[in-house]
Amino acid sequence: MSLHSTSSLNAGVGLRLPHILEVATTRPAVSWLEIHPENFLANPHATELLVDLAREYPVSVHTVGISIGSARGIDRAHLARVRSLIDRLDPFLVSGHLAWSTHEGEYLNDLLPLPYDEETLDLLARHIDEVQGELARPYLVENPSCYVGFGASRMKETEFLAELVARTGCRLLCDVSNVHVSSINLDYDPYAYLDELPVDAVGEFHLGGFLVEADADDASAEVLIDTHSVPISDIALDLYDYALARFGPQPTLIEWDSDLPDFAALLAEATRADAVKRRVLYREKRYAAAG
Amino acid sequence: MPRLADTQALIRAAVVDGDFAGTAAFLTGGRAPVARLRIHERHYAASLSKALLARYPALARLIGQTSFVNAAQDYVRRHPPASPCIAEYGLDFPRFLASRRWLGRTALVLALGELEWHLGRVAIAISHAALGREALATIPSGELPEIRLELQPGLAYLGAAFPVDDIIRLHLAGKPPCGCLLEPTPIWLEVHGARGEFRMVRLPAATWTFRRELQLGSRLGRAAEAGMDAKADFDPGQALLGVFADGLAVAVHCSERGI
């Protein structure tokens, strides 16, 4: 499937293992599916079902374990395994995170934050080049949800991402919910953040739910936790509206990873996102008609 | 200003070991950024403990949920995953659990843990088309001892000193193990799974030994000898037919050719 045709796709959903048998059996009306390869590489049966589903549904591969931000280097053995799965699925998108998760042979099962400076930029550019070379396709880099920043950062996250795009030709996965989460946690304007991302580089959106907690040592403040365990907030959908107007329609994914509901609940979330897209397209059409 | 590798080493110590020393010097965010880093520490311990609980549910029922979770949280700090595929994590957790002095029942914990690990593994296997006994028809009888059989991928052979298969059955029925199941009873177990399902069959010791040797890749002649070592009147011919009758053989490999 060419990237050109993907902008017309309705919202897709993340396919997690508890749902795969249902999806394989019922073939629900969902526009596309995203998988984490780490869930399938150690599961031959699920892979068998997935390869069959990939003949019917467009599939996106969203890596969580390549760890392009690791100072000690990416996990090349894991990258080779991901490549083997990609060869079988021929996904229309392959993406990962602006984060690190491995350290000296240990996998920390989380997406950990990075300082934004020249050293990190050089490292990530090298790693993205390597990933795109191994996978023989563009890699979409997702903006993270952050709880902390670094005094060593010398550029904004948007500047950092734009420079990665310029150096490597990678594309961006704009996680709209992450923009909202980080903007609250680190106190910046989420709309300005979207304005600063390079328009032509954004090739996908993510939407996921988050929880609100009292901030440690500051009960009067809140911290948002990116759990993917609840429905998408209306405030994130408002930001999605803005993102659609700025970047145009792009494949949009509903992420739900914890406290997984019925698959029908995920489809209902996709319907909510599609309604926002229809509203934006209608509005843009009217603006265009009005000159 | 620390280099990125040093920064990541300090964050790793915070997330895995709970050692936050040195992190305040470089973190920002909120009034207490170090406390924010605890969100990652909490996620690390909770997500991996949850993965172990999903992998060993009968073991958790046997020793008690609280004891299990406490041990799991200790384990994940001492033994971080080596791979992003979390389904591959926790193979040695039963041994870690059994080593805790307060627990007791070391052999039972090890045996039940080993069985649960293999149940998780075989249930996600695929199955290949099984060969019939006629696959042997073209092989000269003199070459038979030299052949190797390739068995279904979703097979495991476990010897245990306790009736752990019955403990699993009770667990699946939502019941705790009764006292009699906690007494030593040697069993020889074949676990066969594929595509989300599994079955457990107790085998005679000699048959179990024969099949296990085949699964390990031994020549048919060697597997037959192992069976006869286990029981003098073991009949390798009948045992071989049983392997085909149970649909376990998927390929026959001669020394220089595959069939």
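The values are calculated or read from the model by the stated rules, or taken from the named source; none is laboratory data. Worth saying up front: this structure is predicted, and the values here are computed from it rather than measured. Here the Cβ is made from the backbone with ideal geometry for all residues, glycine too, and neighbour counts use every protein chain on show.
With the structure loaded, tell me whether residue B:36 is facing another protein chain (nearest Cβ under 7 Å) and not in a helix (DSSP H, G or I) or whether it fails that test. Reasoning before the result, please.
On the way: facing another protein chain (nearest Cβ under 7 Å): yes; not in a helix (DSSP H, G or I): no.
Taking the combined requirement at face value, the residue does not satisfy it.
Which of the strands (runs of 3 or more DSSP E) contained wholly in the range A:179-280 include at least 3 residues that are within 26 Å of residue A:94 (Cα to Cα) and touching a residue at least 60 places away in the same chain (Cβ under 8 Å)? Even if it seems obvious, please write down each step before you answer.
Working: elements: A:202-208, A:211-215, A:218-225, A:252-255.
Because the criterion is at least 3 residues that are within 26 Å of residue A:94 (Cα to Cα) and touching a residue at least 60 places away in the same chain (Cβ under 8 Å), the strands (runs of 3 or more DSSP E) in the range A:179-280 that meet it are A:202-208, A:252-255.
Has the range B:25-40 got any residue that is without any contact (Cβ under 8 Å) to a residue 24 or more places away in the chain and over 20 Å from residue A:145 (Cβ atoms)?
For the range B:25-40, residues without any contact (Cβ under 8 Å) to a residue 24 or more places away in the chain and over 20 Å from residue A:145 (Cβ atoms): present.
For the range A:190-231, how many residues are more than 20 Å from the chain's Cα centre (by Cα) and either among the aromatic types (Phe, Trp, Tyr) or under 26 Å from residue A:115 (Cβ atoms) (or both)? Before you say what the answer is, go through the steps one by one.
First pass over the range A:190-231, keeping only residues more than 20 Å from the chain's Cα centre (by Cα): A:212-223.
Next cut, either among the aromatic types (Phe, Trp, Tyr) or under 26 Å from residue A:115 (Cβ atoms) (or both) only: A:213, A:215-218, A:221-223.
So the count comes out to 8.
Quick check, is residue B:30 of a type in the set (Gly, Ala, Ser), at positive phi and more than 13 Å from every other protein chain (Cβ to nearest Cβ)? First the steps, then the outcome.
Numbers: of a type in the set (Gly, Ala, Ser): yes; at positive phi: yes; more than 13 Å from every other protein chain (Cβ to nearest Cβ): no.
No.
On the basis of being part of a loop (DSSP other than H, G, I, E, B), at pLDDT below 95, among the aromatic types (Phe, Trp, Tyr) and surrounded by 16 or more Cβ atoms within 10 Å (Cβ to Cβ), does residue B:234 make the cut? Talk me through it step by step, then tell me what you get.
Working: part of a loop (DSSP other than H, G, I, E, B): yes; at pLDDT below 95: no; among the aromatic types (Phe, Trp, Tyr): yes; surrounded by 16 or more Cβ atoms within 10 Å (Cβ to Cβ): yes.
Taking the combined requirement at face value, the residue does not satisfy it.
Any residue that is without any contact (Cβ under 8 Å) to a residue 40 or more places away in the chain, touching a helix residue (DSSP H, G or I) at 6+ places or on another chain (Cβ under 6 Å), assigned to a loop (DSSP other than H, G, I, E, B) and surrounded by 14 or more Cβ atoms within 10 Å (Cβ to Cβ) - is there at least one of those in the range B:187-199?
Among the residues of the range B:187-199, not one is without any contact (Cβ under 8 Å) to a residue 40 or more places away in the chain, touching a helix residue (DSSP H, G or I) at 6+ places or on another chain (Cβ under 6 Å), assigned to a loop (DSSP other than H, G, I, E, B) and surrounded by 14 or more Cβ atoms within 10 Å (Cβ to Cβ), which makes the answer no.
Right, residue A:260: within 26 Å of residue A:37 (Cβ to Cβ), in contact with an Asp or Glu (Cβ under 8 Å, 6 or more places away or on another chain) and surrounded by 15 or more Cβ atoms within 10 Å (Cβ to Cβ) or not?
Values: within 26 Å of residue A:37 (Cβ to Cβ): yes; in contact with an Asp or Glu (Cβ under 8 Å, 6 or more places away or on another chain): no; surrounded by 15 or more Cβ atoms within 10 Å (Cβ to Cβ): yes.
Considered against the rule, which asks whether it is within 26 Å of residue A:37 (Cβ to Cβ), in contact with an Asp or Glu (Cβ under 8 Å, 6 or more places away or on another chain) and surrounded by 15 or more Cβ atoms within 10 Å (Cβ to Cβ), residue A:260 comes out as no.
Tell me, which residue of the range A:15-38 that is outside any loop (DSSP other than H, G, I, E, B) and buried (at least 22 other Cβ atoms within 10 Å of the Cβ) is farthest from the other protein chains (Cβ to nearest Cβ)? Talk me through it step by step, then tell me what you get.
At the first step, the residues of the range A:15-38 found to be outside any loop (DSSP other than H, G, I, E, B) are A:17-26, A:33-35, A:37-38.
Of the ones still in play, those that are also buried (at least 22 other Cβ atoms within 10 Å of the Cβ) are A:20, A:33-35, A:37-38.
Details: A:20: 10, A:33: 19, A:34: 16, A:35: 13, A:37: 9, A:38: 5 Å.
Across the range A:15-38, the extreme among qualifying residues is A:33.
Residue by residue through the range B:119-144, note down the ones that are part of a helix (DSSP H, G or I) and either within 14 Å of chain A (Cβ to nearest Cβ) or of a type in the set (D, E, K, R) (or both). Talk me through it step by step, then tell me what you get.
Just the residues of the range B:119-144 that are part of a helix (DSSP H, G or I), to begin with: B:119-122, B:133-136, B:141-144.
Residues satisfying the conditions are B:119, B:120, B:121, B:122, B:133, B:134, B:143.
Restricting the search to the range B:1-27, which residues are more than 9 Å from chain A (Cβ to nearest Cβ) and under 13 Å from residue B:76 (Cβ atoms)?
Residues satisfying the conditions are B:17, B:18.
Go through the range A:39-63 residue by residue and tally those that are more than 30 Å from residue A:116 (Cα to Cα), within 14 Å of chain B (Cβ to nearest Cβ) and assigned to a loop (DSSP other than H, G, I, E, B).
3
What about residue B:100, is it touching a helix residue (DSSP H, G or I) at 6+ places or on another chain (Cβ under 7 Å) and either in contact (Cβ under 8 Å) with a residue 60 or more places away in the chain or surrounded by fewer than 21 Cβ atoms within 10 Å (Cβ to Cβ) (or both)?
Numbers: touching a helix residue (DSSP H, G or I) at 6+ places or on another chain (Cβ under 7 Å): yes; either in contact (Cβ under 8 Å) with a residue 60 or more places away in the chain or surrounded by fewer than 21 Cβ atoms within 10 Å (Cβ to Cβ) (or both): yes.
Taking the combined requirement at face value, the residue satisfies it.
Here are some residues: B:127, B:99. Which one is small (Gly, Ala, Ser) and in contact with a Lys or Arg (Cβ under 9 Å, 6 or more places away or on another chain)? I'd like the intermediate steps shown before the answer.
Working: B:99 fails: in contact with a Lys or Arg (Cβ under 9 Å, 6 or more places away or on another chain).
B:127 is the lone residue from the list that is small (Gly, Ala, Ser) and in contact with a Lys or Arg (Cβ under 9 Å, 6 or more places away or on another chain).
If I filter the range A:64-114 down to residues being part of a helix (DSSP H, G or I) and small (Gly, Ala, Ser), which single residue comes out as nearest to the other protein chains (Cβ to nearest Cβ)?
From the range A:64-114, those part of a helix (DSSP H, G or I) are A:76-89; that's our starting set.
Filter once more, so that each one left must be small (Gly, Ala, Ser): A:77, A:80, A:84.
Numbers: A:77: 8, A:80: 12, A:84: 13 Å.
So the residue we want is A:77.
If a residue counts only when it is within 14 Å of chain A (Cβ to nearest Cβ) and among the polar types (S, T, N, Q), which helices (runs of 4 or more DSSP H) contained entirely in the range B:57-114 have at least 1 such residues? Before the answer, list the steps.
Working: elements: B:57-63, B:65-78, B:93-98.
Qualifying helices (runs of 4 or more DSSP H): B:65-78.
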